[in-house]
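The next block holds one structure in the form of structure tokens; read it before the comments.
The values are calculated or read from the model by the stated rules, or taken from the named source; none is laboratory data. Bear in mind that the values here come from a model prediction, so they are computed numbers and not experimental data. Here the Cβ positions follow ideal geometry from the backbone for every residue, glycine too, while neighbour counts run over all protein chains shown.
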Amino acid sequence: MGLKCFVVIALALLAGCATPLPTAASKVMATGPIESLAIGPMRMARENGFLTVNTQLSNTDTDNRTLYYRYLWLGPEGFPVVEAESWKSLTLYAEQTSFLPAIAPVPQAVDFRLEINTP
Amino acid sequence: MLVRVSSLALSLLLIGGCAANHSPVLGSGNISYGDPKAVELVTNEFGSTDLQMIAESMTRSLAQSGVLKGRPVVQVYDVRNKTSEYIDTRDITTSIKTQLMRSGTARFASDNTDMQSQVDHLKLQNQSGLYKKSTVAKTGNMIAARYRLEGSISSIVKRSNDYKDVFYTFSLQLIDVESGLADWMDEKEIRKTTER
């Protein structure tokens, strides 16, 4: 009985602590149409005081694709807390799934946006 | 009379027409400002995007690692350039330093290139007799670094008739001055290929 209670409480606590996965639609800012690219789950956590993010991306095309991306880091009011970071290039092989990990540059960042450009 | 008025009006119109530039720009249209954060693919030599990617990646990895607890004092050493290219590695360390400073995770002691200026200025304040005694910075109060940050950049270049491939590896480590142990280390790999 004691063990059962412990498990129930532990599960309830874990559920309370887990950050709900943000939806891609609310976090992605596309600069133009996103072609042959599926944006999967996004993970957001705070590690050692810094916001960390990971986004799953899949190339739905049967050819390799290059895309450009960068993260924007936002404060509690929804405005950037630092200047935009540099654009990065990523090559996804045909039908490959990859991840875009990132760490916020300042502890003040509480939210993010992923800017994507598919040339 | 009519001819005079007409020619005057025409001149004014022409002058006005020439000066009808409403943008605050001076000079020819061949020059423009670009996005400093854009991906630069002009040549496959070390470029601005490489510098930005390295600095961003290293800074964030170090800041988030949790090693820099209590804003320790760090001394930055030059990054050794082991590539065959000329790379101003000072730009990389300055960028890393600036970003770490912005993140509020570390304080920086005068590094090896700034140390002479620091010592000279302390001597000037203390030995020249030019300054008001109460405002003079005392000697013996400089804060010693707890960590030193040093790294290197190397490259492997391969050429064929059709391709030129450059593979850069940038590595950085944070060493505890007292113990001599590396408390944090990370590396960033960059591949740039040109198809001829």
Give just the number: which of (1) surrounded by 13 or more Cβ atoms within 10 Å (Cβ to Cβ); (2) outside any helix (DSSP H, G or I) does B:Gln125 not satisfy?
(2)
So A:Pro101, is it within 11 Å of chain B (Cβ to nearest Cβ), closer than 23 Å to B:Arg102 by Cα and out of contact with any strand residue (DSSP E or B) (no Cβ under 6 Å at 6 or more places or on another chain):
no
When the residues of region B:46-72 are filtered to those that are in a loop (DSSP other than H, G, I, E, B) and surrounded by 14 or more Cβ atoms within 10 Å (Cβ to Cβ), which remaining residue is nearest to the chain's Cα centre (by Cα)?
B:Gly47
Any idea how many residues of region A:70-89 are among the aromatic types (Phe, Trp, Tyr) and surrounded by fewer than 19 Cβ atoms within 10 Å (Cβ to Cβ)?
1
Pairing a residue in region A:55-75 that is farther than 15 Å from A:Lys88 by Cα and within 11 Å of chain B (Cβ to nearest Cβ) with any residue that is of a type outside the set (Phe, Trp, Tyr) and outside any strand (DSSP E or B), where Cβ atoms lie under 6 Å and the two sit 6 or more apart in sequence or on different chains, gives A:Trp73/A:Val81; A:Trp73/A:Val82; A:Trp73/A:Ala104; A:Trp73/A:Ala109
Do we have any residue at all in region B:11-29 that's among the hydroxyl-bearing types (Ser, Thr, Tyr) and modelled with pLDDT of 90 or more?
no
Breaking point among (1) within 8 Å of another protein chain (Cβ to nearest Cβ); (2) out of contact with any helix residue (DSSP H, G or I) (no Cβ under 9 Å at 6 or more places or on another chain), for B:Gln52:
(2)
Over region A:25-43, the set of residues in contact with a helix residue (DSSP H, G or I) (Cβ under 9 Å, 6 or more places away or on another chain) and surrounded by 16 or more Cβ atoms within 10 Å (Cβ to Cβ) is A:Ile39, A:Met42
